[in-house]
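What follows is one structure encoded as structure tokens, with my remarks underneath.
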Amino acid sequence: MYGLNKQKSDLVARIKLLSPDTTAKEIVLIEKAFDFAANAHNNQTRASGNDYFTEHCVSVANHTLDLGMDYILVCAALLHDTIEDTNTTIEDLKETFNDEITGLVEGVSKLDKAQYIGNERHVESLRKFFISVAGDLRVVILKLADRWHNLETLQHLDPERQKHISTESIMIFAPLASRLGMGKLVGIINDLAFPFAYPEKYKQTKVLMDSQIKKSSGTITKMYRDLTVDLHIILGYSAKIDKRIKGTYSLYRKLERYDWDVERVHDLVALRAIVKNLNDCYQSLGAVHEHWRPIPNRIKDFIAVPKPNGYQSLHTTVFSGDGLNVEIQIRTEEMHEFDEYGIASHHSYKMDQFHREGSGSFAWVEQLREFQKADISPNDYLKRLSTDFIQDQIFVFTPKGDVIDLPIGATILDYAYALHSEIGEHASGGRINGKYMALKTVLNNEDIVEIVPNSKSHPTDKWLDQCITSYALGKIRRYIKKQHDLITN
């Protein structure tokens, strides 16, 4: 009993520290959720042999706080396994807690239920998961926190389960966290899963990583001191400067692209400066370039042109002067918080609007809702899911400078439908960086694309071979079917 009370008081103390506006009434609700879940999971243990509630449920609650969430998510985290793993029913929760908390717990519980076998069972689980993504994003954040802790305790499972959970985490959960802009969680999930998913590649990467970090240690330390002085002189205050080491899985992905030539990786160890405001970002960039020579074509202004998931920062890679190239990132505190927490950032939402409007700035969520309506086979579902929502993305620009998020391999026709279905239906071609190209032309990252319309242009069967996104394919098929029905009727 002492251990439970200590964990409860520690959790409450942490909530008060991180969210000082939490009311006494809200604290009482958290304590009620803690006691309810502790009683429901009484005498249950995990694969490690430790108490289920204190090891897992309390840890997930703490991870929701790590992600910047509020008391509602903390309560739901404490209760998230009660329906699935105890005798507790939905009605029991409704009698004790409000509909919001109960709905979140029910949402997470539904993700873990599958009544299919083999590949269909896995696909149905994914389908349910992404239905929840298209619904209340808080359910997904709770599930991500749950997966985070499961990966932290993966060593206690048998090798087959380790392989399944770790691979799924890299293929599904990390890309989803990335789509939500939760950069910190992306790195955590990938790095926890990597040793279990691809153990030999992990060992190979780790050897190169440790060697390169040791080699660059002296240079980074000197640049850190110099940058601290330079920015204090130009800004008049001490900017927060961190040394950032690239995650092992992120390094592995880059090494794969560079034929395992670690010398071509310029951001293994980077410096990150966090300043007070937007003007200070650009002043700091000038100071960096006065001190160190920038590498051509390695300056990225993600402040003026944010990434589709909302990420903002200035990036530049400079010659250190002793043979090492070093990336320096510059951003404000608000930009940094968004990079780590994404849609869960305090600056990106108000909790009372989160359920209704939280996905509004994420166009891909709307496309995901459309995708869930498709009546397709399990194999086609996996293929379309991978193409549209999981694999690496590119971003292209409209002539006005708006950013459109598309999967690698997307064409002008995919882009036209991403703008609007009516634009897609009457597209005849497009101009890429000012040059006219056919609808089937594949787009590259940072292309500027303008659709050339034609009132006589309309979808045909041939168009199905000129695009790859489910959204465009679905719209084209519906148009063709509608025209066919008009003719036959």
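Quick note: the coordinates plus some simple rules give every number you see, no bench work behind them. Small disclaimer: the values here were computed from a predicted structure and weren't measured. We place every Cβ from the backbone using ideal geometry, glycine too, and count neighbours over all the protein chains shown.
Considering amide H positions built from the backbone, and no H for Pro or chain starts, which residues 5 or more places from Ile448, or on another chain, come under 5 Å of its amide H?
Amide H neighbours of Ile448: Phe397, Asn433.
Taking θ as phi - 60°, what are the ³J(HN,Hα) couplings along the range 440-452 by the Karplus curve (6.51, -1.76, 1.60), each to the nearest whole Hz, with x for Gly and Pro?
7, 5, 6, 8, 10, 4, 6, 5, 9, 10, 10, 7, 9
Output ³J(HN,Hα) for the range 77-94: one whole-Hz value per residue in order, computed from phi by the Karplus curve 6.51 cos²θ - 1.76 cosθ + 1.60 with θ = phi - 60°, and x for Gly and Pro.
With coefficients 6.51, -1.76 and 1.60, one gets 5, 4, 9, 5, 9, 5, 6, 6, 10, 9, 7, 5, 10, 4, 4, 4, 5, 4 Hz.
May I ask you to sort Thr153, Thr64 by Cβ crowding, counting other Cβ atoms within 10 Å and putting the fewest first?
Values: Thr153 16, Thr64 27.
Fewest-to-most Cβ neighbours within 10 Å comes out as Thr153, Thr64.
Can you sort Tyr52, Tyr224 by how many other beta carbons sit within 10 Å, fewest first?
Details: Tyr52 21, Tyr224 14.
Listed from fewest to most nearby Cβ atoms, that is Tyr224, Tyr52.
Given a Förster distance of 41 angstrom, what is the FRET efficiency for Asp210 paired with Asn87, based on the Cβ-Cβ distance and rounded to 0.05?
It comes out at approximately 0.25.
Listing Val396, Val442 from the residue with the fewest other Cβ atoms within 10 Å to the one with the most, what is the order? Intermediate results must be reported in sequence, preceding the final value.
Working: Val396 22, Val442 15.
Ascending Cβ contact count within 10 Å gives the list Val442, Val396.
Between the alpha-carbon centers of the range 45-82 and the range 1-29, tell me the distance in whole angstrom.
The two parts, judged by their Cα centres, are 13 Å apart.
Using a Förster distance of 45 Å, how high is the FRET efficiency between Ile480 and Thr167, based on the Cβ-Cβ distance and rounded to 0.05? Before the final figure, lay out each step's value.
On the way: r = 38 Å, r/R0 = 0.84.
That gives a FRET efficiency of 0.75.
Based on the inverse mean of 1/r over its pairs of different Cα atoms, what is the Kirkwood hydrodynamic radius of the range 199-343, in Å?
Numbers: mean 1/r = 0.0628 Å⁻¹.
When all Cα pairs of the range 199-343 are included, the Kirkwood radius is 15.9 Å.
How charged is the neighbourhood of Thr167? Take every other residue with its Cβ under 13 Å from the Cβ of Thr167, and add Lys/Arg as +1 and Asp/Glu as -1. Let's see the in-between values first.
Values: positive: Arg147, Arg161, Lys163, Lys201; negative: Glu160, Glu168.
Neighbourhood net charge equals +2.
Quick check on the range 199-343: of the DSSP beta bridges with both residues there, what percent are antiparallel, nearest 5%? Can you show the working numbers first?
On the way: 16 of 22 bridges.
For the range 199-343, the DSSP antiparallel bridge percentage is about 75.
Quick one: 3J(HN,Hα) in Hz for the range 473-484, Karplus 6.51/-1.76/1.60 with θ = phi - 60°, rounded, Gly and Pro as x.
4, x, 5, 5, 4, 5, 5, 4, 5, 4, 5, 5
Note down the Stokes-Einstein diffusion coefficient of the range 147-210 in µm²/s, whole number, using a Kirkwood radius over alpha carbon pairs, 10 °C, and 1.306 mPa s.
Details: Rh = 11.9 Å.
Stokes-Einstein gives a translational diffusion coefficient of 133 µm²/s.
Can you list residues whose amide H is under 5 Å from Val275's amide H, if they're 5+ apart or on another chain and H is modeled 1.01 Å from N?
Arg331, Thr332, Glu333
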